[in-house]
Amino acid sequence: MTFLYPAVIAIAVLASAAAVAGYTALQKRRAAALSAAGFSSLTGGGVRRHLPYALLLAALPVMLIGLARPQAEVAVPRVAGTVLLAFDVSNSMSADDVAPTRLAAAQQAATAFVEDQPDTVDVGVLVFGDQALLTQAPTDDHAAAVAAIGRVSPSGGTSLGQAILVALGTITGKPVSLPSTEGGAQATSDLGYWPSATIVVFSDGEETGGPDVQAAAELAAAAGVRIQTVGVGTAKGATVEVDGFQLGTQLDETLLTTVAQVTGGAYQQAGDAGALTDSTKAIDLRLTTEKEPIELTAPFAAAALLLLTLGGLLGTRWHGRIV
């Protein structure tokens, strides 16, 4: 416990000592007066005789300590940390089995997710097709994150593994690639441990190439980064036109589920736009604890008032007066 005005503590000690000394001297004078008047048998102590005054005396230091503005640090749980929203922008995300399209529905759900986050959560935006690109560095300016989400557009293939590596690089501040026998990759032990970071992936799960996804997920797990995945699409699927060709595409939940489970995250499936928005509400961000100073003046004042009230009531009831 700390005090904003510690000098008041010394005043409280001196004032309390003076009050106790004064009460003791008063009791001695009363006892002497009663003894001189021949009432020495009535000078005995007792709870009823001293308790009301003891309560009144106890209220003095409590009240003065309250004036010293005591503060204590309390660990307060809160959602905090870094969230990277990773959007699959491959051609298959233009499919309309989730209205209006998979990507547009993911943008709407992600926007609602960002708007629900407290300012203690930094949000970044990453897009991935054949390659991955950070379009908004993690920031507590959630309006900037929402604006970045609105600029996402579909093209190319899908490399979820590359997305995970770029996201890890953003979180750790280091270039990250999968370990190799030549030793040219960023070592897992060098990434540090980032339990307050979460990657949220919006994808239909159709991987077309790039770094090994499960190995990338294991690298994230070793760094303490959890990946939450949101499946965008339906098992029935739809067709999209790419370069004049009609290509079939459907949701592949297996890969998305595996990635989430490897890192201790969860997979959420959304078959329509409404369910997709609801699925973001189930994304489990980690709770952290942060010590915050809490002023204790009010509790001390309440305790002093209680002591004064009890002392006054008991003094009136037992002695017909307060003093």
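Descriptive notes on the structure:
- Where Val240 falls short, out of the listed (1) buried (at least 18 other Cβ atoms within 10 Å of the Cβ); (2) on the phi > 0 side of the Ramachandran plot: (2)
- When the stretch 246-276 is filtered for residues that are crowded, with 18+ Cβ neighbours inside 10 Å and modelled with pLDDT under 85, the ones remaining, listed by number, are Gln269, Ala270, Ala273, Leu276.
- Screening the candidates Asp130, Asp122 for the property of being assigned by TED's automatic domain parsing to the domain that holds Ala270, assigned to a loop (DSSP other than H, G, I, E, B) and either modelled with pLDDT of 90 or more or not β-branched (Val, Ile, Thr) (or both) yields one hit, Asp130.
- Residue within the stretch 87-109 that is of a type in the set (Gly, Ala, Ser), more than 20 Å from Ile227 (Cβ to Cβ), touching a Lys or Arg at 6+ places or on another chain (Cβ under 7 Å) and buried (at least 24 other Cβ atoms within 10 Å of the Cβ) present: yes
The values are calculated or read from the model by the stated rules, or taken from the named source; none is laboratory data. Since we're looking at a predicted model, the values are computed, not measured. Cβ: placed from backbone, ideal geometry, glycine included. Neighbour counts: every protein chain shown.
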